[in-house]
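The values are calculated or read from the model by the stated rules, or taken from the named source; none is laboratory data. Everything numeric in this text was worked out from a predicted model, so none of it was measured. In this analysis, Cβ positions are derived from the backbone assuming ideal geometry, glycine residues included, and neighbour counts consider all displayed protein chains.
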């Protein structure tokens, strides 16, 4: 097989060797992943992205080398050559080169099509998003696996359908890859509020507003940090929709995203936590009401320069798949499941005292959690610990596991870095707007009356519960007597720092 003289140069030969080696590696790894069922994200990354990239680089070196060789020969004046390539199929060298080129092109196009398809699916997979950059994405991936959306692929929310957002996400990902390679990414990573696709194009593909009708009965169990780890239940009728389902979105919490109205707001910062301006527009009647907070005013110049955000699902459900629980929350969940024994005296109080501290790394945290709890019982309850060592140790292990799932010291991630806006216990949440401080020119206010969103229909300790009927409401009783302080301050002013 005779090839053109220009192909006989070191650059083209090196390119052929690089392309051949990578093609062989692709074939071998593909066989391993297919026949031996060894497919995983990292292997797929090599088969369909990294190795094909090197193979294409090698193939590009071949024509570059031929071009340089032809240019060298032409400048030397040894023989006269045409400036542009000639294809003469009657010439055996040209014919052989053409056949090799055609067969190789067909093979490369086939492999490129297959590889591109597989590469697309790999880069869209949950494993690719969550495990490729392990330390960076470990908090988000761990929280996602324990979320209600654990069976929903990351790209369903972060990208959605359509080519334009796919391209935008990959362009954004290029900077993220650069940040990882240069170790310049922030810790904790910033929530991509401005890069997220609007919730109406993602969330509402499954949770469309017309189905947000029913009210729900919600029961929470808490454990008081006393010697008995006393249980305290509260039953709420959540007014997610109207009392009568036929009213649709005219009433209830989900009225905020009613397609017939627009609620716009301006926040003082990108975190959307400190709101300074609210505008209500009724699309049917054209009615417009503007609310301002005199204790947190916004100047007319800043108002003119700001872009108002139209409220959607994500303004309340801001952590739908990546929620980090606080120690009291994940402790109560573990005790409710029985994973942590409620028979151990003062167990919640002791655990909260240790979990209050911050730690530089996970291993240190886990060691101090175990040492702190066991030392308390060894010194203060030695007889109890001797008799119930296995019970205490298993409960400590569960606390450590819950800590692993919610706190990530290396990435400086904990619940207070990513507050959840649903409710108002550990962040201002609803009270960002519903605080009695936002007033309109016509005298209307955005009320902080809790009964707008829920009725308390049951509350109290086990065996001492008080109830009312579904249409009435009990006045809230704080599990620990704090007088009327709960009426005068936001819950988060204490609960954010209690443990």
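Within the range 335-388, can you find the residues that are closer than 24 Å to residue 138 by Cα and in contact with a strand residue (DSSP E or B) (Cβ under 9 Å, 6 or more places away or on another chain)?
Within the range 335-388, just 362 meets the criteria.
Within the range 117-139, count every residue that is touching a residue at least 24 places away in the same chain (Cβ under 8 Å) and either in contact with a strand residue (DSSP E or B) (Cβ under 6 Å, 6 or more places away or on another chain) or in a helix (DSSP H, G or I) (or both).
Here the count works out to 14.
Residues being touching a strand residue (DSSP E or B) at 6+ places or on another chain (Cβ under 8 Å) and under 19 Å from residue 198 (Cβ atoms): count how many of those fall in the range 308-334.
5
Take the range 243-260 and flag every residue that is within 31 Å of the chain's Cα centre (by Cα) and in contact (Cβ under 8 Å) with a residue 12 or more places away in the chain.
248, 249, 251, 252, 253, 254, 256, 257, 258, 259, 260
Looking at 269, 274, which is the one that is over 22 Å from residue 143 (Cβ atoms), touching a residue at least 60 places away in the same chain (Cβ under 8 Å) and surrounded by fewer than 18 Cβ atoms within 10 Å (Cβ to Cβ)?
Details: 269 fails: touching a residue at least 60 places away in the same chain (Cβ under 8 Å).
Criteria check complete, one pass: 274.
Look through 431, 376 and report the one residue that is modelled with pLDDT under 95 and part of a helix (DSSP H, G or I). Before you say what the answer is, go through the steps one by one.
Numbers: 376 fails: modelled with pLDDT under 95.
None of the other options fit; the residue is 431.
Every residue in the range 111-151 that is out of contact with any helix residue (DSSP H, G or I) (no Cβ under 9 Å at 6 or more places or on another chain) and farther than 19 Å from residue 407 by Cβ, please.
Those that are out of contact with any helix residue (DSSP H, G or I) (no Cβ under 9 Å at 6 or more places or on another chain) and farther than 19 Å from residue 407 by Cβ: 113, 148, 151.
Considering (1) surrounded by 15 or more Cβ atoms within 10 Å (Cβ to Cβ); (2) touching a strand residue (DSSP E or B) at 6+ places or on another chain (Cβ under 6 Å), say which one residue 219 fails and leave the rest.
Answer for residue 219: the failing condition is (1).
Quick check on residue 320: is it loosely packed, with under 14 Cβ neighbours inside 10 Å and part of a loop (DSSP other than H, G, I, E, B)? Lay out the reasoning, then the answer.
Values: loosely packed, with under 14 Cβ neighbours inside 10 Å: no; part of a loop (DSSP other than H, G, I, E, B): yes.
Considered against the rule, which asks whether it is loosely packed, with under 14 Cβ neighbours inside 10 Å and part of a loop (DSSP other than H, G, I, E, B), residue 320 comes out as no.
Would you be able to tell me the number of residues in the range 337-363 that are within 26 Å of the chain's Cα centre (by Cα) and either surrounded by 15 or more Cβ atoms within 10 Å (Cβ to Cβ) or not assigned by TED's automatic domain parsing to the domain that holds residue 383 (or both)?
3
Name the single residue that is farthest from residue 28 (Cα to Cα) among those in the range 117-150 being exposed (fewer than 12 other Cβ atoms within 10 Å of the Cβ) and modelled with pLDDT of 80 or more.
148
Tell me which residues, restricted to the range 198-212, are crowded, with 18+ Cβ neighbours inside 10 Å and outside any helix (DSSP H, G or I).
202, 212
Might you let me know whether the range 102-116 holds any residue that is assigned to a loop (DSSP other than H, G, I, E, B) and either loosely packed, with under 14 Cβ neighbours inside 10 Å or without any contact (Cβ under 8 Å) to a residue 60 or more places away in the chain (or both)?
Looking for residues that are assigned to a loop (DSSP other than H, G, I, E, B) and either loosely packed, with under 14 Cβ neighbours inside 10 Å or without any contact (Cβ under 8 Å) to a residue 60 or more places away in the chain (or both), one finds none in the range 102-116, hence no.
State whether the residues of the range 165-186 include one that is free of Cβ contacts under 8 Å to residues at least 24 places away in the same chain, closer than 23 Å to residue 330 by Cβ and surrounded by 12 or more Cβ atoms within 10 Å (Cβ to Cβ).
No; the residues of the range 165-186 include none that is free of Cβ contacts under 8 Å to residues at least 24 places away in the same chain, closer than 23 Å to residue 330 by Cβ and surrounded by 12 or more Cβ atoms within 10 Å (Cβ to Cβ).
For the range 407-424, name all the residues that are surrounded by fewer than 21 Cβ atoms within 10 Å (Cβ to Cβ) and assigned to a helix (DSSP H, G or I).
409, 410, 411, 416, 417 - these are the residues of the range 407-424 that are surrounded by fewer than 21 Cβ atoms within 10 Å (Cβ to Cβ) and assigned to a helix (DSSP H, G or I).
Residue check, residue 334 against (1) buried (at least 20 other Cβ atoms within 10 Å of the Cβ); (2) touching a helix residue (DSSP H, G or I) at 6+ places or on another chain (Cβ under 7 Å); (3) assigned to a helix (DSSP H, G or I), all met but one. Which one?
(1)
Just checking, does the range 468-488 include any residue being free of Cβ contacts under 8 Å to residues at least 12 places away in the same chain, within 36 Å of the chain's Cα centre (by Cα) and over 30 Å from residue 265 (Cβ atoms)?
So far as the range 468-488 goes, yes, one or more of its residues are free of Cβ contacts under 8 Å to residues at least 12 places away in the same chain, within 36 Å of the chain's Cα centre (by Cα) and over 30 Å from residue 265 (Cβ atoms).
Within the range 1-96, which helices (runs of 4 or more DSSP H) (wholly inside it) include 2 or more residues that are surrounded by fewer than 15 Cβ atoms within 10 Å (Cβ to Cβ) and modelled with pLDDT of 70 or more?
On the way: elements: 10-35, 41-45, 51-76.
Qualifying helices (runs of 4 or more DSSP H): 10-35, 51-76.
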